[in-house]
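Reading through the C-alpha coordinates given below for one structure.
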Amino acid sequence: MKKTFLLSAAALALIASPLAFQNAADAQISTRSDAMTIDPQRGVLTMAPLLERVTPAVVSINTLDEGDAPDEDRELSREEQLMERFFGGRLPNTNRGPRAGLGSGVIVDADEGLIITNNHVIEDADEITVTLEDRRRIEATLVGTDPDTDIALLKIDADNLRELRLARAGEAKVGDYVIAVGNPFGLSSTVTSGIISALGREQGGGLNRSRYENYIQTDASINPGNSGGALINSKGELIGINTAIVSRSGSSAGIGFAVPIRTVENVVEQLRENGEVRRGRIGVIIQDVTPELRAGLGLRSLNGALVSEVGDDTPAEKAGLESGDVVIDFNGEDVIDSSDLRNFVGLLQPGTRADITYLREGSRRTTKITVEAAPEDEAPTRRASSEPEEMEMMEAFDGAEVSNIPDELELRGGEDGVYVANVDRGSRAQRAGLVKGDVIRKVGKNDISDLDDFEDAVRGDGPFALQIERQGRNLFLAVK
(Lines give C-alpha, C1' and ligand atoms only; values in the text may rest on other atoms or scores of the structure.)
Protein backbone atom coordinates (compact mmCIF):
# COMPACT_ATOMS: atom_id res chain seq x y z
CA MET A 1 0.00 0.00 0.00
CA LYS A 2 2.85 2.32 0.84
CA LYS A 3 4.56 1.63 -2.53
CA THR A 4 1.32 2.38 -4.39
CA PHE A 5 0.99 5.72 -2.65
CA LEU A 6 4.56 6.74 -3.48
CA LEU A 7 4.14 5.90 -7.16
CA SER A 8 0.91 7.81 -7.36
CA ALA A 9 2.50 10.82 -5.73
CA ALA A 10 5.35 10.76 -8.25
CA ALA A 11 2.89 10.57 -11.12
CA LEU A 12 0.89 13.50 -9.72
CA ALA A 13 4.09 15.53 -9.37
CA LEU A 14 4.87 15.07 -13.06
CA ILE A 15 1.36 16.06 -14.07
CA ALA A 16 1.46 19.10 -11.83
CA SER A 17 4.81 20.27 -13.11
CA PRO A 18 5.17 19.57 -16.88
CA LEU A 19 7.88 22.22 -17.19
CA ALA A 20 10.04 20.42 -14.61
CA PHE A 21 9.54 17.16 -16.49
CA GLN A 22 10.49 18.82 -19.78
CA ASN A 23 13.69 20.27 -18.30
CA ALA A 24 14.63 16.92 -16.76
CA ALA A 25 13.96 15.08 -20.03
CA ASP A 26 15.97 17.65 -21.97
CA ALA A 27 18.91 17.24 -19.59
CA GLN A 28 18.82 13.44 -19.94
CA ILE A 29 18.48 13.51 -23.73
CA SER A 30 21.41 15.90 -24.11
CA THR A 31 23.72 13.43 -22.40
CA ARG A 32 22.56 10.55 -24.58
CA SER A 33 22.33 11.99 -28.08
CA ASP A 34 22.81 15.32 -29.78
CA ALA A 35 20.28 14.15 -32.38
CA MET A 36 17.26 14.47 -30.10
CA THR A 37 16.09 17.66 -28.41
CA ILE A 38 12.89 18.95 -26.87
CA ASP A 39 11.22 21.59 -29.02
CA PRO A 40 10.41 24.29 -26.43
CA GLN A 41 7.45 25.64 -28.43
CA ARG A 42 5.75 22.33 -29.17
CA GLY A 43 7.05 20.28 -26.25
CA VAL A 44 7.87 17.31 -28.48
CA LEU A 45 10.99 15.18 -28.82
CA THR A 46 12.52 15.84 -32.24
CA MET A 47 15.55 15.38 -34.49
CA ALA A 48 14.53 18.25 -36.77
CA PRO A 49 17.40 20.68 -35.93
CA LEU A 50 20.02 18.04 -36.67
CA LEU A 51 18.37 16.94 -39.90
CA GLU A 52 18.07 20.52 -41.12
CA ARG A 53 21.87 20.57 -41.11
CA VAL A 54 22.35 17.09 -42.57
CA THR A 55 19.81 16.50 -45.35
CA PRO A 56 21.07 19.25 -47.72
CA ALA A 57 24.34 17.27 -47.99
CA VAL A 58 22.60 14.10 -49.20
CA VAL A 59 21.72 14.12 -52.89
CA SER A 60 19.75 12.04 -55.35
CA ILE A 61 21.65 10.42 -58.22
CA ASN A 62 20.03 9.46 -61.52
CA THR A 63 21.94 7.50 -64.13
CA LEU A 64 21.33 6.55 -67.72
CA ASP A 65 22.95 3.62 -69.47
CA GLU A 66 22.37 3.86 -73.22
CA GLY A 67 22.90 0.11 -73.56
CA ASP A 68 23.18 -1.92 -76.73
CA ALA A 69 20.74 -3.52 -79.07
CA PRO A 70 18.07 -5.61 -77.35
CA ASP A 71 18.82 -9.29 -76.81
CA GLU A 72 15.56 -10.91 -75.80
CA ASP A 73 17.03 -14.41 -75.52
CA ARG A 74 19.95 -13.55 -73.23
CA GLU A 75 19.74 -15.07 -69.74
CA LEU A 76 20.45 -12.86 -66.74
CA SER A 77 23.73 -13.44 -64.94
CA ARG A 78 23.74 -14.42 -61.27
CA GLU A 79 24.84 -10.90 -60.31
CA GLU A 80 22.03 -9.34 -62.36
CA GLN A 81 19.50 -11.64 -60.69
CA LEU A 82 20.77 -10.62 -57.26
CA MET A 83 20.66 -6.96 -58.22
CA GLU A 84 17.05 -7.32 -59.35
CA ARG A 85 16.21 -8.99 -56.08
CA PHE A 86 17.95 -6.23 -54.13
CA PHE A 87 16.06 -3.50 -55.98
CA GLY A 88 12.71 -5.23 -55.54
CA GLY A 89 11.31 -5.82 -58.99
CA ARG A 90 12.54 -6.77 -62.41
CA LEU A 91 15.18 -4.51 -63.95
CA PRO A 92 15.70 -4.07 -67.66
CA ASN A 93 18.37 -6.47 -68.88
CA THR A 94 21.77 -5.35 -70.07
CA ASN A 95 21.80 -5.11 -73.88
CA ARG A 96 18.12 -4.15 -73.94
CA GLY A 97 18.48 -0.49 -74.78
CA PRO A 98 18.58 2.52 -72.41
CA ARG A 99 18.33 1.80 -68.70
CA ALA A 100 17.79 4.32 -65.91
CA GLY A 101 19.20 3.94 -62.42
CA LEU A 102 18.63 5.61 -59.09
CA GLY A 103 20.68 6.03 -55.95
CA SER A 104 21.96 8.48 -53.37
CA GLY A 105 25.17 10.37 -52.68
CA VAL A 106 26.85 12.43 -49.97
CA ILE A 107 28.60 15.78 -50.45
CA VAL A 108 31.91 15.63 -48.56
CA ASP A 109 33.64 18.69 -50.01
CA ALA A 110 31.40 21.67 -50.75
CA ASP A 111 34.21 23.82 -52.20
CA GLU A 112 35.28 21.21 -54.76
CA GLY A 113 31.82 19.73 -55.27
CA LEU A 114 32.90 16.18 -54.37
CA ILE A 115 30.23 13.55 -53.81
CA ILE A 116 30.63 9.98 -52.54
CA THR A 117 28.31 7.22 -53.74
CA ASN A 118 28.41 3.49 -54.43
CA ASN A 119 30.20 2.06 -57.44
CA HIS A 120 27.16 -0.07 -58.27
CA VAL A 121 24.98 3.07 -58.45
CA ILE A 122 26.99 4.63 -61.30
CA GLU A 123 28.57 1.54 -62.88
CA ASP A 124 28.30 1.53 -66.69
CA ALA A 125 26.43 4.85 -66.63
CA ASP A 126 26.73 7.09 -69.68
CA GLU A 127 25.07 10.01 -67.91
CA ILE A 128 25.09 10.88 -64.20
CA THR A 129 22.77 13.59 -62.88
CA VAL A 130 22.77 14.88 -59.31
CA THR A 131 19.64 16.45 -57.83
CA LEU A 132 20.19 18.65 -54.78
CA GLU A 133 17.71 19.22 -51.96
CA ASP A 134 16.85 22.62 -53.46
CA ARG A 135 15.87 20.76 -56.70
CA ARG A 136 18.82 21.91 -58.78
CA ARG A 137 19.79 19.23 -61.30
CA ILE A 138 23.48 19.16 -62.24
CA GLU A 139 25.41 16.83 -64.49
CA ALA A 140 28.23 15.08 -62.62
CA THR A 141 31.60 13.85 -63.79
CA LEU A 142 33.20 10.66 -62.50
CA VAL A 143 36.47 11.30 -60.64
CA GLY A 144 37.17 7.64 -59.98
CA THR A 145 35.67 4.39 -58.80
CA ASP A 146 36.73 1.40 -56.73
CA PRO A 147 34.63 -1.73 -57.28
CA ASP A 148 36.55 -3.60 -54.58
CA THR A 149 35.00 -1.41 -51.86
CA ASP A 150 31.92 -0.37 -53.88
CA ILE A 151 32.85 3.31 -53.55
CA ALA A 152 32.81 5.96 -56.31
CA LEU A 153 33.68 9.66 -56.28
CA LEU A 154 31.78 12.25 -58.36
CA LYS A 155 32.29 15.96 -58.94
CA ILE A 156 29.78 18.70 -59.71
CA ASP A 157 30.19 22.39 -60.45
CA ALA A 158 27.79 24.26 -58.18
CA ASP A 159 27.65 26.98 -55.54
CA ASN A 160 26.09 27.02 -52.08
CA LEU A 161 26.63 23.35 -51.35
CA ARG A 162 26.41 21.83 -47.88
CA GLU A 163 28.87 19.11 -46.85
CA LEU A 164 28.84 16.45 -44.13
CA ARG A 165 31.56 16.36 -41.52
CA LEU A 166 33.32 12.98 -41.28
CA ALA A 167 33.35 11.10 -37.98
CA ARG A 168 36.66 9.98 -36.52
CA ALA A 169 37.53 6.52 -37.78
CA GLY A 170 37.16 3.76 -35.23
CA GLU A 171 34.84 5.63 -32.87
CA ALA A 172 31.64 3.81 -33.84
CA LYS A 173 30.45 1.16 -31.38
CA VAL A 174 27.69 -1.42 -31.35
CA GLY A 175 24.62 0.18 -29.80
CA ASP A 176 25.34 3.70 -31.06
CA TYR A 177 22.29 5.59 -32.27
CA VAL A 178 22.45 6.15 -36.07
CA ILE A 179 20.39 7.80 -38.80
CA ALA A 180 20.21 6.75 -42.46
CA VAL A 181 19.50 9.46 -45.03
CA GLY A 182 18.83 8.75 -48.69
CA ASN A 183 16.30 8.51 -51.48
CA PRO A 184 14.56 5.13 -51.21
CA PHE A 185 12.26 4.35 -54.14
CA GLY A 186 13.01 7.85 -55.44
CA LEU A 187 11.56 9.57 -52.35
CA SER A 188 14.12 12.31 -51.72
CA SER A 189 15.52 13.21 -48.29
CA THR A 190 14.03 10.24 -46.50
CA VAL A 191 15.29 9.66 -42.96
CA THR A 192 15.21 6.48 -40.86
CA SER A 193 16.83 5.72 -37.52
CA GLY A 194 18.14 2.79 -35.52
CA ILE A 195 21.32 1.57 -33.89
CA ILE A 196 24.57 -0.04 -34.97
CA SER A 197 23.77 -3.75 -34.76
CA ALA A 198 27.28 -5.07 -35.48
CA LEU A 199 30.69 -4.06 -36.81
CA GLY A 200 33.08 -5.83 -39.16
CA ARG A 201 30.40 -7.70 -41.08
CA GLU A 202 31.18 -9.54 -44.33
CA GLN A 203 29.12 -10.61 -47.33
CA GLY A 204 26.63 -7.79 -46.98
CA GLY A 205 23.41 -8.85 -48.67
CA GLY A 206 25.17 -11.77 -50.34
CA LEU A 207 25.86 -9.64 -53.39
CA ASN A 208 29.64 -10.08 -53.32
CA ARG A 209 30.19 -6.55 -54.61
CA SER A 210 33.26 -5.97 -52.51
CA ARG A 211 36.55 -7.78 -51.97
CA TYR A 212 37.25 -5.64 -48.91
CA GLU A 213 34.18 -6.18 -46.75
CA ASN A 214 34.11 -4.68 -43.29
CA TYR A 215 30.57 -3.39 -43.05
CA ILE A 216 28.68 -1.57 -40.34
CA GLN A 217 25.40 -3.41 -39.79
CA THR A 218 22.36 -1.36 -38.78
CA ASP A 219 18.64 -1.83 -38.27
CA ALA A 220 17.90 1.67 -39.60
CA SER A 221 15.71 1.05 -42.65
CA ILE A 222 17.70 0.97 -45.89
CA ASN A 223 15.68 0.41 -49.05
CA PRO A 224 16.27 0.44 -52.83
CA GLY A 225 17.53 3.91 -53.72
CA ASN A 226 19.33 4.34 -50.38
CA SER A 227 22.54 2.98 -51.91
CA GLY A 228 25.27 5.62 -51.65
CA GLY A 229 23.40 7.54 -48.96
CA ALA A 230 24.63 8.62 -45.54
CA LEU A 231 24.74 6.76 -42.26
CA ILE A 232 25.35 9.39 -39.57
CA ASN A 233 25.81 9.38 -35.83
CA SER A 234 23.91 11.49 -33.30
CA LYS A 235 26.25 14.45 -33.89
CA GLY A 236 25.41 14.53 -37.59
CA GLU A 237 28.80 13.12 -38.61
CA LEU A 238 29.19 10.67 -41.48
CA ILE A 239 30.16 7.22 -40.20
CA GLY A 240 29.40 5.18 -43.32
CA ILE A 241 28.01 4.94 -46.85
CA ASN A 242 24.90 2.76 -47.11
CA THR A 243 25.52 0.01 -49.63
CA ALA A 244 23.47 -3.19 -49.24
CA ILE A 245 20.70 -5.05 -47.41
CA VAL A 246 19.77 -8.61 -46.57
CA SER A 247 16.18 -9.16 -47.61
CA ARG A 248 14.03 -11.79 -49.27
CA SER A 249 11.58 -9.21 -50.58
CA GLY A 250 14.03 -6.54 -51.79
CA SER A 251 12.84 -4.09 -49.12
CA SER A 252 14.25 -3.41 -45.68
CA ALA A 253 14.17 -6.30 -43.24
CA GLY A 254 16.15 -4.52 -40.55
CA ILE A 255 19.55 -5.74 -41.76
CA GLY A 256 21.42 -3.04 -43.66
CA PHE A 257 25.10 -2.52 -44.35
CA ALA A 258 27.30 0.54 -44.73
CA VAL A 259 30.94 0.93 -45.79
CA PRO A 260 32.71 2.38 -42.69
CA ILE A 261 34.26 5.83 -42.79
CA ARG A 262 37.80 4.47 -42.32
CA THR A 263 37.52 2.65 -45.67
CA VAL A 264 35.71 5.55 -47.34
CA GLU A 265 38.39 8.09 -46.37
CA ASN A 266 41.22 5.93 -47.64
CA VAL A 267 39.53 5.24 -50.98
CA VAL A 268 38.43 8.84 -51.54
CA GLU A 269 41.92 10.16 -50.82
CA GLN A 270 43.39 7.88 -53.47
CA LEU A 271 40.63 8.60 -55.98
CA ARG A 272 41.23 12.34 -55.57
CA GLU A 273 44.97 11.96 -56.07
CA ASN A 274 45.17 9.19 -58.65
CA GLY A 275 41.69 8.61 -60.05
CA GLU A 276 42.08 4.99 -58.96
CA VAL A 277 42.97 2.94 -55.88
CA ARG A 278 46.42 1.41 -55.70
CA ARG A 279 46.40 -1.45 -53.24
CA GLY A 280 49.13 -3.04 -51.22
CA ARG A 281 50.02 -6.55 -50.21
CA ILE A 282 52.58 -8.23 -47.98
CA GLY A 283 52.62 -11.65 -49.64
CA VAL A 284 50.88 -14.01 -47.22
CA ILE A 285 47.96 -16.40 -47.35
CA ILE A 286 45.97 -16.16 -44.13
CA GLN A 287 43.02 -17.76 -42.37
CA ASP A 288 40.99 -17.38 -39.19
CA VAL A 289 41.95 -19.04 -35.92
CA THR A 290 39.20 -21.55 -35.09
CA PRO A 291 38.63 -22.98 -31.59
CA GLU A 292 40.11 -26.27 -32.78
CA LEU A 293 43.21 -24.57 -34.21
CA ARG A 294 43.63 -22.54 -31.04
CA ALA A 295 43.75 -25.76 -29.03
CA GLY A 296 45.90 -27.59 -31.55
CA LEU A 297 48.44 -24.76 -31.83
CA GLY A 298 48.41 -23.91 -28.13
CA LEU A 299 47.14 -20.36 -28.64
CA ARG A 300 45.52 -18.35 -25.86
CA SER A 301 43.00 -16.50 -28.01
CA LEU A 302 40.99 -16.75 -31.22
CA ASN A 303 42.11 -13.25 -32.20
CA GLY A 304 44.52 -12.78 -35.06
CA ALA A 305 45.19 -13.91 -38.62
CA LEU A 306 46.96 -17.25 -38.97
CA VAL A 307 49.65 -17.21 -41.67
CA SER A 308 49.30 -20.42 -43.67
CA GLU A 309 51.83 -19.52 -46.36
CA VAL A 310 54.51 -16.88 -47.00
CA GLY A 311 55.38 -16.09 -50.60
CA ASP A 312 58.94 -16.13 -51.86
CA ASP A 313 60.71 -12.77 -52.09
CA THR A 314 57.71 -10.91 -50.61
CA PRO A 315 57.59 -8.22 -47.91
CA ALA A 316 56.43 -10.86 -45.42
CA GLU A 317 59.41 -13.12 -46.14
CA LYS A 318 61.81 -10.17 -45.95
CA ALA A 319 60.27 -9.17 -42.61
CA GLY A 320 60.87 -12.67 -41.25
CA LEU A 321 57.28 -13.98 -41.12
CA GLU A 322 56.78 -17.73 -41.29
CA SER A 323 53.94 -20.17 -41.78
CA GLY A 324 52.21 -20.69 -38.44
CA ASP A 325 52.71 -17.13 -37.19
CA VAL A 326 49.58 -15.35 -35.94
CA VAL A 327 49.38 -11.64 -36.79
CA ILE A 328 47.66 -9.76 -33.97
CA ASP A 329 48.41 -6.11 -34.81
CA PHE A 330 49.07 -4.26 -38.05
CA ASN A 331 50.00 -0.60 -38.32
CA GLY A 332 48.62 0.09 -34.84
CA GLU A 333 45.30 -1.69 -35.44
CA ASP A 334 44.19 -4.81 -33.57
CA VAL A 335 43.75 -7.78 -35.92
CA ILE A 336 40.72 -9.77 -34.79
CA ASP A 337 40.51 -12.10 -37.78
CA SER A 338 41.90 -12.64 -41.27
CA SER A 339 39.50 -10.16 -42.88
CA ASP A 340 40.90 -7.40 -40.64
CA LEU A 341 44.44 -8.01 -41.87
CA ARG A 342 43.27 -8.25 -45.49
CA ASN A 343 41.45 -4.93 -45.19
CA PHE A 344 44.24 -3.12 -43.34
CA VAL A 345 46.89 -4.18 -45.85
CA GLY A 346 44.76 -3.88 -48.97
CA LEU A 347 43.74 -0.30 -48.23
CA LEU A 348 47.31 0.93 -47.81
CA GLN A 349 49.17 2.45 -50.72
CA PRO A 350 52.24 0.58 -51.97
CA GLY A 351 55.44 1.79 -50.36
CA THR A 352 53.83 2.35 -46.95
CA ARG A 353 56.00 1.12 -44.08
CA ALA A 354 54.09 -0.36 -41.16
CA ASP A 355 54.62 -2.14 -37.86
CA ILE A 356 53.43 -5.75 -37.70
CA THR A 357 53.08 -7.73 -34.47
CA TYR A 358 52.71 -11.50 -34.45
CA LEU A 359 52.88 -14.55 -32.21
CA ARG A 360 55.34 -17.38 -32.80
CA GLU A 361 55.29 -20.36 -30.45
CA GLY A 362 53.79 -18.18 -27.71
CA SER A 363 56.32 -15.38 -28.11
CA ARG A 364 55.18 -11.91 -29.16
CA ARG A 365 57.31 -10.24 -31.85
CA THR A 366 57.14 -6.90 -33.66
CA THR A 367 58.93 -5.87 -36.83
CA LYS A 368 58.69 -3.41 -39.72
CA ILE A 369 57.20 -4.38 -43.06
CA THR A 370 56.95 -2.45 -46.34
CA VAL A 371 53.73 -2.88 -48.30
CA GLU A 372 54.23 -3.59 -52.01
CA ALA A 373 51.87 -3.16 -54.95
CA ALA A 374 49.34 -5.94 -55.32
CA PRO A 375 49.13 -7.50 -58.79
CA GLU A 376 45.75 -7.22 -60.47
CA ASP A 377 45.22 -10.96 -60.49
CA GLU A 378 46.54 -13.10 -57.65
CA ALA A 379 44.74 -16.30 -58.58
CA PRO A 380 46.20 -19.29 -56.73
CA THR A 381 48.32 -21.77 -58.61
CA ARG A 382 46.46 -25.01 -58.96
CA ARG A 383 47.98 -28.42 -59.56
CA ALA A 384 46.05 -31.53 -60.38
CA SER A 385 46.60 -34.56 -58.20
CA SER A 386 46.19 -38.19 -59.14
CA GLU A 387 45.13 -41.13 -57.03
CA PRO A 388 47.77 -43.82 -56.53
CA GLU A 389 46.72 -47.30 -57.56
CA GLU A 390 48.40 -49.29 -54.80
CA MET A 391 49.79 -47.93 -51.54
CA GLU A 392 50.21 -48.62 -47.88
CA MET A 393 47.48 -46.76 -46.07
CA MET A 394 46.39 -46.15 -42.50
CA GLU A 395 43.08 -45.01 -41.00
CA ALA A 396 43.25 -41.59 -39.36
CA PHE A 397 40.83 -39.12 -37.78
CA ASP A 398 37.72 -41.26 -38.14
CA GLY A 399 37.09 -41.27 -41.88
CA ALA A 400 40.38 -40.27 -43.50
CA GLU A 401 42.80 -42.69 -45.11
CA VAL A 402 46.38 -41.51 -45.52
CA SER A 403 49.43 -42.89 -47.29
CA ASN A 404 52.97 -41.96 -48.18
CA ILE A 405 53.07 -39.47 -51.04
CA PRO A 406 52.85 -41.31 -54.39
CA ASP A 407 55.92 -41.01 -56.61
CA GLU A 408 53.95 -39.71 -59.58
CA LEU A 409 52.70 -36.62 -57.73
CA GLU A 410 54.57 -33.38 -58.41
CA LEU A 411 54.02 -31.19 -55.37
CA ARG A 412 55.17 -27.69 -54.69
CA GLY A 413 56.24 -28.47 -51.13
CA GLY A 414 58.37 -31.52 -51.90
CA GLU A 415 58.07 -35.21 -51.05
CA ASP A 416 57.87 -35.02 -47.24
CA GLY A 417 54.43 -35.60 -45.74
CA VAL A 418 51.49 -37.95 -46.08
CA TYR A 419 48.78 -38.04 -48.72
CA VAL A 420 45.05 -38.04 -47.93
CA ALA A 421 43.85 -40.84 -50.22
CA ASN A 422 40.21 -40.85 -49.17
CA VAL A 423 37.76 -39.04 -46.89
CA ASP A 424 34.42 -40.64 -46.02
CA ARG A 425 31.36 -38.48 -46.50
CA GLY A 426 29.94 -37.21 -43.20
CA SER A 427 32.98 -38.35 -41.23
CA ARG A 428 34.76 -36.37 -38.55
CA ALA A 429 37.63 -35.81 -40.96
CA GLN A 430 35.33 -34.33 -43.60
CA ARG A 431 33.63 -32.09 -41.05
CA ALA A 432 37.06 -30.81 -40.04
CA GLY A 433 37.69 -29.80 -43.66
CA LEU A 434 40.01 -32.53 -44.98
CA VAL A 435 39.51 -33.46 -48.61
CA LYS A 436 40.90 -36.16 -50.83
CA GLY A 437 44.22 -35.06 -52.34
CA ASP A 438 45.38 -33.01 -49.34
CA VAL A 439 49.01 -33.47 -48.31
CA ILE A 440 49.70 -33.22 -44.56
CA ARG A 441 53.08 -31.56 -44.01
CA LYS A 442 52.98 -30.91 -40.28
CA VAL A 443 51.08 -32.03 -37.18
CA GLY A 444 51.34 -29.40 -34.49
CA LYS A 445 55.04 -28.50 -34.33
CA ASN A 446 56.14 -31.84 -35.78
CA ASP A 447 57.37 -32.05 -39.37
CA ILE A 448 55.99 -35.10 -41.17
CA SER A 449 58.22 -37.06 -43.54
CA ASP A 450 56.21 -40.27 -43.95
CA LEU A 451 53.56 -42.53 -42.44
CA ASP A 452 55.74 -43.46 -39.46
CA ASP A 453 56.19 -39.80 -38.49
CA PHE A 454 52.48 -39.19 -38.94
CA GLU A 455 51.48 -42.19 -36.80
CA ASP A 456 53.76 -41.03 -33.99
CA ALA A 457 52.45 -37.45 -34.20
CA VAL A 458 48.76 -38.34 -33.90
CA ARG A 459 49.03 -40.61 -30.88
CA GLY A 460 47.07 -39.41 -27.89
CA ASP A 461 44.10 -37.07 -27.67
CA GLY A 462 43.53 -34.19 -30.07
CA PRO A 463 42.78 -31.74 -31.36
CA PHE A 464 45.63 -31.89 -33.87
CA ALA A 465 46.60 -28.82 -35.86
CA LEU A 466 47.51 -29.90 -39.38
CA GLN A 467 49.47 -27.86 -41.89
CA ILE A 468 48.45 -29.13 -45.30
CA GLU A 469 49.13 -28.42 -48.95
CA ARG A 470 46.04 -28.23 -51.16
CA GLN A 471 46.29 -27.47 -54.87
CA GLY A 472 49.61 -25.72 -54.41
CA ARG A 473 48.52 -23.65 -51.40
CA ASN A 474 49.15 -24.09 -47.68
CA LEU A 475 46.51 -23.86 -44.96
CA PHE A 476 45.84 -25.05 -41.42
CA LEU A 477 43.09 -27.37 -40.25
CA ALA A 478 42.31 -28.80 -36.84
CA VAL A 479 41.00 -32.34 -36.35
CA LYS A 480 39.83 -33.65 -32.99
Within the range 290-297, does at least one residue satisfy the condition of being buried (at least 18 other Cβ atoms within 10 Å of the Cβ), under 24 Å from the mean Cα position of the chain (by Cα) and either part of a loop (DSSP other than H, G, I, E, B) or among the β-branched types (Val, Ile, Thr) (or both)?
yes
Of the residues that sit in the range 336-371 and are assigned to a strand (DSSP E or B) and aliphatic (A, V, I, L, M), which one is nearest to Gln287 (Cα to Cα)?
Leu359
Among the listed residues Gly256, Gly275, which satisfies the condition of being modelled with pLDDT under 90 and surrounded by 19 or more Cβ atoms within 10 Å (Cβ to Cβ)?
Gly256
Which count do you get for residues in the range 304-315 that are over 20 Å from Ile468 (Cβ atoms) and either touching a Phe, Trp or Tyr at 6+ places or on another chain (Cβ under 6 Å) or buried (at least 18 other Cβ atoms within 10 Å of the Cβ) (or both)?
1
The number of residues in the range 48-61 that are crowded, with 19+ Cβ neighbours inside 10 Å and more than 14 Å from Glu237 (Cα to Cα) is 3
Note on the range 124-155: residues of a type in the set (A, V, I, L, M, F, W, C) and over 29 Å from the mean Cα position of the chain (by Cα) are Leu132, Ile138
Quick check on my filter: what residues within the range 154-201 are of a type in the set (Ser, Thr, Tyr) and in a loop (DSSP other than H, G, I, E, B)?
Ser188, Ser189
Give the residue, chosen from Asp159, Asp148, that is over 18 Å from Glu52 (Cα atoms), modelled with pLDDT under 90 and of a type outside the set (A, V, I, L, M, F, W, C).
Asp148
Please name all residue pairs, on different chains or six or more residues apart, with Cβ atoms under 7 Å, provided the first residue is in the range 305-331 and is at positive phi and the second residue is assigned to a strand (DSSP E or B) and surrounded by fewer than 16 Cβ atoms within 10 Å (Cβ to Cβ).
Gly320/Thr367; Asn331/Asp355
Pairing a residue in the range 48-73 that is at pLDDT below 85 with any residue that is of a type in the set (A, V, I, L, M), where Cβ atoms lie under 8 Å and the two sit 6 or more apart in sequence or on different chains, gives Asp65/Ala100; Asp65/Ala125
Do we have Asp124 as outside any strand (DSSP E or B), closer than 19 Å to Arg262 by Cβ and not hydroxyl-bearing (Ser, Thr, Tyr) here?
no
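The values are calculated or read from the model by the stated rules, or taken from the named source; none is laboratory data. Please read all numbers here as calculations on a predicted model, not as lab measurements. Here the Cβ is made from the backbone with ideal geometry for all residues, glycine too, and neighbour counts use every protein chain on show.
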